[in-house]
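Novice: First the structure, then my questions, so here it is.
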Amino acid sequence: MNLKFFSVLAIAAIIWVSCDPSTTKSILDTANTMTGGGTAPDLTPSNDEIISGLKEALSTGANNSSGIASKVDGFNKNPMLFIPFPPEAEKMKKKLIDLGMQNKITEFETSLNRAAEEASKSAAPIFIDAIKNMTLTDGMGILKGGDTAATHYLREKTYASLIVAFKPTVKNAITKVEVTKYWNPLVTTYNKIPFVEKQNPDLDSYVTNLAAQGLFKLVREEEAKIRKDPLARATDILKKVFGYADKNK
């Protein structure tokens with residue numbers, strides 16, 4: 001207790017008997033203010049703040065992920081996202097390599113990844129639309145969940161609708177980057193080989209599913225940053241909500 005505070009208390013004690021309760025409280029409040037005291041701020045986020053903070057975190061993750069994935073080589077040069085030759089056509093790939101068509105295969109794989117990059121430009125609005133409908137129950141489950149709880153929520157709520165909405169975009173992207181121009185010569189050459197099982201994978205579905213899976217991998221990374229790195233919490237609401245979560249694990 002410092003000298004200033006002690007002095008004020010002494011005066012309060014002397015005049016206690018002559019003061020009504022409100023006057024005494026005023027004196028003590030003044031002492032508290034003089035010593036820099038006061039009621040400690042409540043750092044517990046309100047329900048509205050929890051929902052607002054989680055929506056902001058998910059929106060940030062969705063926008064950042066879409067931005068990363070949609071850049072040139074966002075898929076093509078990222079080993080975590082790279083879309084390879086369709087696995088069901090692996091025999092075809094090996095046979096074509098034997099025929100000296102490695103360069104054509106590389107060109108085709110690049111075109112698949114270009115399609116995913118192009119399609120990813122439209123992903124963020126689809127995610128954001130789902131984020132708007134988050135409930136308090138959803139929010140508390142995410143806040144108290146594991147390191148990927150928000151990503152799991154977003155995947156659970158959006159994956160089916162994302163695929164439906166994404167597929168036409170992927171189809172257009174496949175046309176735009178001319179995937180079939182690289183695919184048709186490969187499949188035509190292969191299907192002319194005697195006694196082989198004819199190949200014709202659904203490239204639209206293949207790219208759509210792997211593009212969506214790739215985006216969720218990025219969302220998961222973005223969530224991990226916000227949960228584990230205080231510096232990634234760029235706004236006051238993120239600091240408050242996830243700071244509270246840190247203390248209540």
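Novice: Going by the conditions given, is Ala116 in a helix (DSSP H, G or I), in contact with a Leu (Cβ under 8 Å, 6 or more places away or on another chain) and within 16 Å of Val219 (Cβ to Cβ)? Quick ask: steps written out before the conclusion?
Specialist: On the way: in a helix (DSSP H, G or I): yes; in contact with a Leu (Cβ under 8 Å, 6 or more places away or on another chain): yes; within 16 Å of Val219 (Cβ to Cβ): yes.
Yes, satisfied.
Novice: Among Ala173, Ala160, Ala130, which is surrounded by 18 or more Cβ atoms within 10 Å (Cβ to Cβ), out of contact with any Cys (no Cβ under 6 Å at 6 or more places or on another chain), free of Cβ contacts under 8 Å to residues at least 40 places away in the same chain and outside any loop (DSSP other than H, G, I, E, B)? Can you show your working first?
Specialist: Working: Ala173 fails: free of Cβ contacts under 8 Å to residues at least 40 places away in the same chain; Ala160 fails: surrounded by 18 or more Cβ atoms within 10 Å (Cβ to Cβ).
One residue alone meets the criteria, Ala130.
Novice: Continuing with the same structure: Acidic (Asp, Glu) and either closer than 17 Å to Glu56 by Cα or touching a residue at least 24 places away in the same chain (Cβ under 8 Å) (or both), is that true of Glu118?
Specialist: Yes; evaluated as a whole, the condition is true for this residue.
Novice: Can you list residue pairs whose Cβ atoms sit under 8 Å apart, with the first residue in the range 63-90 being of a type in the set (A, V, I, L, M) and the second being assigned to a loop (DSSP other than H, G, I, E, B)? Count only pairs 6 or more apart in sequence or on different chains.
Specialist: Ile68/Gly74; Ala69/Phe75; Ala69/Leu81; Leu81/Gly74; Leu81/Phe75; Ile83/Phe75; Ala89/Gln199; Ala89/Pro201
Novice: Take the residues in the range 64-76 that are in a helix (DSSP H, G or I) and more than 8 Å from the chain's Cα centre (by Cα); name whichever of them is nearest to Ala123 (Cα to Cα).
Specialist: My answer is Ser66.
Novice: While we're looking at this one, here's another question. For the range 187-206, state whether one or more residues are in a helix (DSSP H, G or I), polar (S, T, N, Q) and either under 26 Å from Thr151 (Cβ atoms) or not assigned by TED's automatic domain parsing to the domain that holds Asn76 (or both).
Specialist: Taking the range 187-206 first, the residues in a helix (DSSP H, G or I) are 187-191, 203-206.
Filter once more, so that each one left must be polar (S, T, N, Q): 188-189, 191, 205.
Those left that are additionally either under 26 Å from Thr151 (Cβ atoms) or not assigned by TED's automatic domain parsing to the domain that holds Asn76 (or both): 205.
Yes; the residues of the range 187-206 include at least one that is in a helix (DSSP H, G or I), polar (S, T, N, Q) and either under 26 Å from Thr151 (Cβ atoms) or not assigned by TED's automatic domain parsing to the domain that holds Asn76 (or both).
Novice: Continuing with the same structure: Which numbered condition in (1) assigned to a helix (DSSP H, G or I); (2) at pLDDT 90 or above is the only one that Gly100 fails?
Specialist: (1)
The values are calculated or read from the model by the stated rules, or taken from the named source; none is laboratory data. Just so it is clear, the model here is predicted, and its values are computed rather than measured. FYI the Cβ positions are ideal-geometry reconstructions off the backbone, even for glycines, and counts take in every protein chain you see.
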